[in-house]
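Asks: Sharing a structure, written as structure tokens. Questions coming.
Since every read-out is calculated from the coordinates, none of them should be taken as a lab result. Note that the structure is a prediction, hence the values are computed from the model and not measured. Don't worry about glycine lacking a Cβ; one is built from the backbone with ideal geometry, like all the others, and counts go over all protein chains shown.
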Amino acid sequence: MKLLLTLLLSLSVTGSAFAQKRKNPSPPPAKPSASKIPRALPATPTPAPKIPVALPNYDEQTSTRLQIFLDNNDFGPGKIDGQIGEFFGKALVHYKRSHGMPQTGVVDSWLFDQVPETFTNYTITEENLKFIGEAPTEPAEQAKLKALPYTSLLEFVAERYHSAEAYLKKLNPGKNLEALKPGDVVNVPNVLPFEIEKLGESFIKANPAFAKRKVFIDTKERFLEIHDGNQLVAEFPITPGSTTLPAPKGTWKILGVATMPWFRHDEGVLNYGVRTDEFYNLPPGPNNPVGILWAGLNRPGIGIHGTNNPETIGRAASHGCIRLANWDAARVKDLISVGNVVEIY
């Protein structure tokens with residue numbers, strides 16, 4: 001399986017995001033001519049008009065309940081932190097649009113009723129320790145490892161409950177979350193957890209039921225939408241491309257989807273978009289540069305993937321790819337299929 005995943009990703013993952021410090025590489029070969037770069041199919045979508053949203057000034061617990069509601073219904077509000085932010089408002093409008101509701105910031109009480117308990121407790125287990133370990137920052141050192149795990153139990157719990165680490169600390173006053181151990185109990189948002197223990201190195205087969213679904217990537221508003229015919233079924237915040245290496249606008253297709261992928265770290269691709277012979281194969285794990293998912297497009301080196309730094313979603317540039325928080329990437333894999341059209345605009 002490792003060999004197969006490495007082969008797939010050596011062909012496709014090289015252009016993905018990498019938010020770590022890197023040494024400057026030797027000058028790469030000249031960029032390929034335009035004639036050798038795959039062209040997108042015609043007809044890109046027209047962006048929907050931006051609708052301003054004014055959310056009521058909810059208190060922190062009420063905001064958390066609404067964030068949990070949206071998250072549980074596959075309309076990602078970004079990390080759960082009890083704050084009324086940009087992606088919170090976008091997720092609410094998209095949810096309302098998908099259900100034929102007025103696209104405003106007004107929230108009906110029945111939405112809150114879906115989250116009767118805002119918080120719950122999570123008890124650290126011995127099994128959790130399997131996902132904690134060393135995660136050096138240099139690719140040469142990372143390549144020597146068998147996995148790139150979480151570096152702490154706090155990071156593990158924060159990602160499991162889609163939360164900012166700072167928010168968990170606020171929810172647990174008097175507790176040293178930097179020194180968690182099995183048996184410790186942590187107060188967390190009552191969101192459907194991201195269970196990394198259920199993932200392994202594998203390819204996801206095409207899903208005939210989702211064959212006609214389309215993925216829309218809005219690089220300006222920074223979100224990913226999944227449509228089934230005329231029905232919007234999900235929306236998640238993203239980080240798309242950069243000024244130097246922007247996400248390629250146009251119409252593409254998903255060629256393959258892999259969970260817990262290996263990553264081919266090639267400085268030439270990351271900095272200049274040009275493949276070189278100097279690279280490192282980095283092992284899978286939540287702190288792999290592409291996180292827990294790679295959905296490769298028919299544009300070499302470009303894909304939809306997770307991240308090793310969810311704090312950067314929507315607020316930092318990637319290297320031409322579409323980056324999601326790992327907890328969102330895990331859901332996207334269950335909502336799309338190999339062969340789906342991807343519109344980037």
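Asks: For N187 and K169 in one chain, what is 0.36 nm times their gap in residues minus the Cα-Cα distance, to one decimal in nm?
Replies: My answer for the length gained is 5.6 nm.
Asks: Moving on. Whole-Hz Karplus ³J(HN,Hα) for the stretch 149-164, in order, using 6.51 cos²θ - 1.76 cosθ + 1.60 and θ = phi - 60°, x for Gly and Pro?
Replies: Coupling constants for the stretch 149-164: x, 5, 8, 7, 5, 5, 4, 4, 5, 4, 6, 4, 10, 6, 10, 7 Hz.
Asks: Excluding same-chain pairs closer than 8 in sequence, count the lysine pairs in the stretch 120-194 whose Cα atoms lie under 30 Å apart.
Replies: For the stretch 120-194, qualifying lysine pairs total 10.
Asks: Rounded to the nearest 20 debye, what is the charge dipole size of the stretch 124-263 about its Cα centre when +1 sits on each Lys and Arg Cβ and -1 on each Asp and Glu Cβ?
Replies: Details: 17 positive and 18 negative charges, 102 e Å.
That gives a dipole near 480 debye.
Asks: Moving on to the next point. Residue by residue through the stretch 61-78, which ³J(HN,Hα) values in whole Hz follow from phi under the Karplus form 6.51 cos²θ - 1.76 cosθ + 1.60 (θ = phi - 60°), with glycine and proline marked x?
Replies: Along the stretch 61-78, the couplings run 5, 5, 4, 5, 4, 5, 4, 5, 4, 4, 4, 5, 9, 6, 10, x, x, x Hz.
Asks: Classify the stretch 60-113: rounded, prolate or oblate, from the alpha-carbon gyration tensor (a ≥ b ≥ c, eigenvalue square roots; a/c under 1.5 rounded; otherwise prolate if a/b is larger than b/c)?
Replies: prolate
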